[in-house]
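Working notes for the structure below.
The values are calculated or read from the model by the stated rules, or taken from the named source; none is laboratory data. Just so it is clear, the structure is predicted and the values come from calculations on it, not from any experiment. Glycine gets a Cβ as well: all are built from the backbone with ideal geometry, and neighbour counts include every protein chain shown.
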Amino acid sequence: MKIIARDIPPRAAWALEQAGVHPLLAQLFAARGVTDRDELDDGLARLLPPEGLQGAQGAARLLADAIANNKRICIVADYDCDGATACAVAVRGLRLLGAPHVAYLVPDRVVDGYGLTAPIAQRVHAQGADLLVTVDNGIASVEGVAQANALGLQVLVTDHHLPGPELPQAAVIVNPNQPGCSFASKSLAGVGVMFYVLLALRAELRGRGAFDAGQQPKLDTLLPIVALGTVADVVKLDPNNRRLVAQGLRRVRAGLMPAGLAALFTAAGRNARAATSFDFGFALGPRINAAGRLSDMTLGIECLLTDDPVRAEELARALDGINRERREIEGDMREQALALAQSLFDSEEEPPPAICVFDPDFHEGVVGIVASRIKEQFHRPTFVFAASQAPGKEHELKGSGRSIPGFHLRDALDLVAKQHPGVLLRFGGHAMAAGCTVAEEHLDTFEQALAEIAAQWLDPATLQRRLETDGPLAPEYRRTDLVDTLQQQVWGQGFAPPVFSEEVDIVSQRLVGEKHMALKIRHQGHPVDGIWFGRTEPLPARVKLAFRLDADEWQGQRRVRFLVEGAEY
């Protein structure tokens, strides 16, 4: 591992500090590209206006007409946390804005697969819907939209995924990544796109005289759910997304959130009054996601929709139980998958440029998580495959991939599809995460093709794990109040949480729980406790550590400790 320090532009840091930003935060923000305090203004008035999002105005007119004509609207969701939150925001928001008939349908991961398929369109039609609205999917659903059109349904596609070569023939498409859209935030999550459609719809209804600015429904009540989906989908936290997350966190900390969110905080053992983006990404998000992985995402959506605290508690407990089961399955699969990956090369050798593993016993609901773990272990683009459990598709393998910086996974899949027609039955995704389906007989061809592309695209520097840090931590910043200050900020993908690095002395070290290393560290002459989760190998007496700041409570006293992320020696 190579630990490197980010550049801190001195002028930007100085300007932020002069504008009243704490000196440590000024350095951290400047290193992440912030040059002006205005970029840190998370007020709702600073959100990009919906008028700039292509299709939002057309979607608003379509939905306003549907409301005026008493039409039945059906939301077709996705089975991950972004899809679940987008569905909940759509249902809650449309009802707030006066839609009398709003239902939803969430595909089954195993039976239906991803997105709006022709059979899903038929089910929506059979339910009596007039208008079909996709959330977090649909941009690649050419056949599904065609079927919906043939059945007389109007279709509104709201999505954020990258489009393929052909766009679906929907009445309206809202997607910041569609051709011709100049919206400045290309990184909106699916839930963010739906929230913007609702903002545009409210303005359209206001223009039609449904209400005035003083009486209009308050869509900011949806922001805690928007924030959860945005963080959980690991989209880039550009300034607009950071505002959405900050606004959601502010309401959660004030106790202003749906009953289901409050129940999820309780089930996860987290304090909503001190909520952080970390809670959304690593506590609540996985519990929602677990329903789509192992059970039925309806559980997750209903938890986000209910206003009954008792019902919310029941659903949150059920989701927590499913998540525990998911962790057990993942743990077993991870060990097996790591062993399979390790068998691809000798222990003294470098791993291959890309890794693919498959076992007939793998569960397709957790292949993405396991791919992420292998990618972290070996620092290679990784695909993990499981046999499809869908009836009649037993010979198909469903794969989920995770990538490293410098290797665009969806572009790689696109190249595989062009070089080896017929190998990929379906594929889609982003730069860092993607999915595909292959016939089992073509797995070897896919594995070889991906490895060849990775060998061409990746150089030795890219293949070396690099950990970007914020450099040394000044001793005056080693304080619990600054730990709290840092945790209150919005960190995440594209706006990395602070990690510091410098050479320290290891005074003592011991294994705890058989898989974590507890450390006594001398940092600039002062003793500090440290913990490295998942580390079992001892460290040298003098070492360059990368660490995050944390506060540990012991016998009523809070003390700073270092959460170690990596070492270079």
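Would you check if PHE562 is touching a Phe, Trp or Tyr at 6+ places or on another chain (Cβ under 8 Å) and more than 22 Å from GLN377 (Cβ to Cβ)? Taking the combined requirement at face value, the residue satisfies it. Suppose the filter is modelled with pLDDT of 95 or more, assigned to a helix (DSSP H, G or I) and surrounded by fewer than 21 Cβ atoms within 10 Å (Cβ to Cβ); does GLU452 pass it? In short, yes. No other residue among ALA66, ALA31, ALA19 is closer than 21 Å to THR469 by Cβ and aliphatic (A, V, I, L, M) apart from ALA31.
Filtering the stretch 485-539 to residues that are among the acidic types (Asp, Glu), out of contact with any Asp or Glu (no Cβ under 9 Å at 6 or more places or on another chain) and surrounded by fewer than 16 Cβ atoms within 10 Å (Cβ to Cβ) leaves GLU503, ASP505, GLU514, GLU537. Selection of strands (runs of 3 or more DSSP E) fully inside the stretch 518-569 by the criterion of at least 2 residues being among the β-branched types (Val, Ile, Thr) returns 526-533, 557-568.
ALA316 meets all of the listed conditions (1) at pLDDT below 95; (2) touching a Lys or Arg at 6+ places or on another chain (Cβ under 9 Å); (3) surrounded by 20 or more Cβ atoms within 10 Å (Cβ to Cβ) but one, namely (1). So, GLN27, is that one part of a loop (DSSP other than H, G, I, E, B) and touching a Gly at 6+ places or on another chain (Cβ under 9 Å) or not? Answer is no for this residue. Taken over the stretch 225-270, residues that are out of contact with any strand residue (DSSP E or B) (no Cβ under 6 Å at 6 or more places or on another chain) and under 23 Å from ILE322 (Cβ atoms) amount to 23.
Quick one: is ALA129 closer than 23 Å to ASN69 by Cα, assigned by TED's automatic domain parsing to the domain that holds LEU53 and not in a helix (DSSP H, G or I)? Yes: the conditions hold for ALA129.
Here is the figure for the stretch 187-201: residues that are out of contact with any His (no Cβ under 7 Å at 6 or more places or on another chain) and either among the hydrophobic types (A, V, I, L, M, F, W, C) or surrounded by fewer than 24 Cβ atoms within 10 Å (Cβ to Cβ) (or both) total 9. For the stretch 153-175, the candidate set comprises residues that are closer than 17 Å to ARG410 by Cα and in contact (Cβ under 8 Å) with a residue 40 or more places away in the chain; within that set, the residue that is surrounded by the most Cβ atoms within 10 Å (Cβ to Cβ) is HIS160. If you go through the stretch 290-313 and keep only what is buried (at least 16 other Cβ atoms within 10 Å of the Cβ), of a type in the set (A, V, I, L, M, F, W, C) and in a helix (DSSP H, G or I), you end up with ALA290, ALA291, LEU294, LEU299, ILE301, CYS303, LEU304, LEU305, ALA312.
Within the stretch 131-147, residues that are under 9 Å from GLY115 (Cβ atoms) sit with their Cβ atoms under 8 Å from residues that are in a loop (DSSP other than H, G, I, E, B) and acidic (Asp, Glu), at 6+ positions apart or across chains, in these pairs: THR134/ASP159; ASN137/ASP78; ASN137/ASP159; GLY138/ASP159; ILE139/ASP159.
Considering (1) assigned to a helix (DSSP H, G or I); (2) of a type outside the set (Lys, Arg); (3) buried (at least 22 other Cβ atoms within 10 Å of the Cβ), the lone condition that ALA339 does not fulfil carries the number (3). In the stretch 416-432, the residues that are over 15 Å from PHE446 (Cβ atoms) reach residues that are at pLDDT 95 or above and assigned to a strand (DSSP E or B) with C-beta atoms within less than 7 angstrom, at least six apart or across chains, in these pairs: MET432/ARG402.
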